[in-house]
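Encoded as structure tokens, the structure appears first; notes follow it.
The values are calculated or read from the model by the stated rules, or taken from the named source; none is laboratory data. What you see is a predicted model, and the numbers here were worked out from it, not measured in a lab. Here Cβ is always computed from backbone atoms with ideal geometry, including for glycine, and neighbour counts include all displayed protein chains.
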Amino acid sequence: RAKLSKFNTIEDAVHLLQTSKNIIVLTGAGISTSLGIPDFRSKGTGLYSKLEHLGLSDPQEVFDISVFRDDPTIFYSVAKDILPDQDRYSPTHAFIAMLQQKGKLLTNYSQNIDNLEAKAGIKPDKLVQCHGSFATASCVMCGYQVDGESIFPIIKAGKIPRCPKCAPKERTTANSRKRKLARDGTEKKVRRRPGDYDSASDSEYDLPSNGGVMKPDITFFGEPLPDEFSRRLTEHDKELVDLVIVIGTSLKVAPVSEVVPYLPPHIPQIYISRTPVGHVNFDIDMLGDCDVVVSELCRRAGWDLRHEMVPPN
Ligand code: OAD
């Protein structure tokens with residue numbers, strides 16, 4: 001339900017695109033689904049629908065920091081299937097990069113953790129990854145940070161990455177078994193080189209005696225967003241923005257969901273997604289596949305959106 005506004009039609013949206021100079025683009029998981037990456041809340045296909053087997057009271061607990069601290073096996077049983085492994089990006093990513101190239105992109109606030117904005121060429125100074133990403137990982141105990149990809153092999157192997165700095169050299173369970181085997185003379189003592197990652201399989205996990213666990217620097221529920229999110233929004237963008245385009249997000253998660261109501265109401269706001277939202281009133285709602293919608297907007301604007309179309313899933 002669009003609010004009463006002087007902007008209503010697709011032609012209005014095209015005109016706004018052509019005339020605006022400082023556009024905020026707020027994105028969610030829907031801009032990556034055409035690449036086969038599931039969103040979170042779409043019934044049947046979203047990640048949360050697929051987690052029923054975990055028996056959680058709420059599937060969002062997978063990304064809950066207190067649940068992670070109690071038992072990281074829950075997150076890591078899912079993480080191996082959501083590691084970013086795509087080199088492609090969608091036409092919608094290309095659209096945002098095009099706005100940047102035209103000098104119209106103020107900021108892309110992305111809730112996505114797939115890091116595909118970078119692949120599309122969106123520059124770090126135009127991008128706020130509101131929910132972090134897999135690009136780095138930190139120890140939940142001592143904060144030691146590593147390159148995120150360095151723990152991918154351990155995650156893919158279904159194990160839990162341990163802190164190379166603070167996890168004790170000898171593990172209480174796995175290593176004690178190995179020590180026992182060594183004493184028995186059936187296996188040589190295992191030595192860790194400095195910087196080696198320690199890991200424990202699910203059944204071997206035992207906090208806190210086992211020391212720190214590495215967690216990808218995704219913003220979990222219960223964790224603060226990166227400082228850059230509110231700093232940039234309140235101290236920089238609020239004064240400059242002249243158009244807001246929200247694409248492929250259900251706007252269910254605060255504080256990102258509060259960005260649109262926070263901005264002055266006279267700033268035109270466009271919503272592009274498959275599913276309408278009832279709790280935020282936009283000037284213009286364009287419901288449908290976002291790759292199709294942005295391609296049509298570009299066509300009408302006379303812009304050449306160069307991207308090989310990917311068929312929607
Ligand atoms: P959601 O799954 O909540 O919403 C995705 C929205 O995109 C839905 O409204 C879909 O209908 C729509 N959508 C899906 N594919 C689309 C397509 N091809 N074209 C247009 N629309 C499409 O995902 P987010 O709103 O991004 O947090 O979720 C926000 C946060 O909740 C995530 O960042 C995640 C999650 O908990 C963390 O990972 C910490």
Go through (1) outside any loop (DSSP other than H, G, I, E, B); (2) of a type in the set (D, E, K, R); (3) touching a helix residue (DSSP H, G or I) at 6+ places or on another chain (Cβ under 6 Å) and name the single condition Arg69 misses. (3)
Among the residues of segment 99-110, is there at least one that is more than 15 Å from the ligand (Cβ to nearest atom), free of Cβ contacts under 8 Å to residues at least 60 places away in the same chain and either in contact with a Ser or Thr (Cβ under 9 Å, 6 or more places away or on another chain) or among the hydrophobic types (A, V, I, L, M, F, W, C) (or both)? no
If I filter segment 91-114 for residues that are touching an Asp or Glu at 6+ places or on another chain (Cβ under 9 Å), modelled with pLDDT of 90 or more, surrounded by fewer than 18 Cβ atoms within 10 Å (Cβ to Cβ) and under 30 Å from Leu297 (Cβ atoms), do I get at least one hit? no
Sort out for me the helices (runs of 4 or more DSSP H) sitting completely within segment 205-305 that have 1 or more residues that are among the hydroxyl-bearing types (Ser, Thr, Tyr) and away from the ligand (no atom under 13 Å from the Cβ). 227-232, 259-262
From Cys130, Cys139, which residue is away from the ligand (no atom under 15 Å from the Cβ), closer than 21 Å to Glu223 by Cβ and buried (at least 18 other Cβ atoms within 10 Å of the Cβ)? Cys139
Conditions (1) farther than 27 Å from Pro59 by Cα; (2) away from the ligand (no atom under 13 Å from the Cβ) -> Lys80 fails only (1)
Qualifying positions in segment 51-74 - under 17 Å from Arg162 (Cα atoms) and acidic (Asp, Glu): Asp70, Asp71
Would you mind telling me which numbered condition in (1) modelled with pLDDT of 95 or more; (2) within 20 Å of Ile96 (Cβ to Cβ) Arg231 fails? (2)
Taking Arg306 as the residue in question, decide whether it is among the basic types (Lys, Arg) and under 23 Å from Thr9 (Cβ atoms). no
Of the residues in segment 40-63 that are in a helix (DSSP H, G or I) and more than 19 Å from the chain's Cα centre (by Cα), the one that is farthest from the ligand (Cβ to nearest atom) is His53
Qualifying positions in segment 218-255 - β-branched (Val, Ile, Thr), buried (at least 16 other Cβ atoms within 10 Å of the Cβ) and farther than 27 Å from His15 by Cβ: Ile218, Thr219, Val253
Inspect segment 206-217 for any residue being charged (D, E, K, R) and modelled with pLDDT under 95 and give the result as yes or no. yes
Of everything in segment 8-36, what is assigned to a loop (DSSP other than H, G, I, E, B), out of contact with any helix residue (DSSP H, G or I) (no Cβ under 7 Å at 6 or more places or on another chain) and within 13 Å of the ligand (Cβ to nearest atom)? Give them in sequence order. Gly28, Gly36
All but one of (1) of a type in the set (Asp, Glu); (2) in contact with a Phe, Trp or Tyr (Cβ under 6 Å, 6 or more places away or on another chain); (3) without any contact (Cβ under 8 Å) to a residue 12 or more places away in the chain hold for Asp283; state the number of the condition that does not hold. (3)
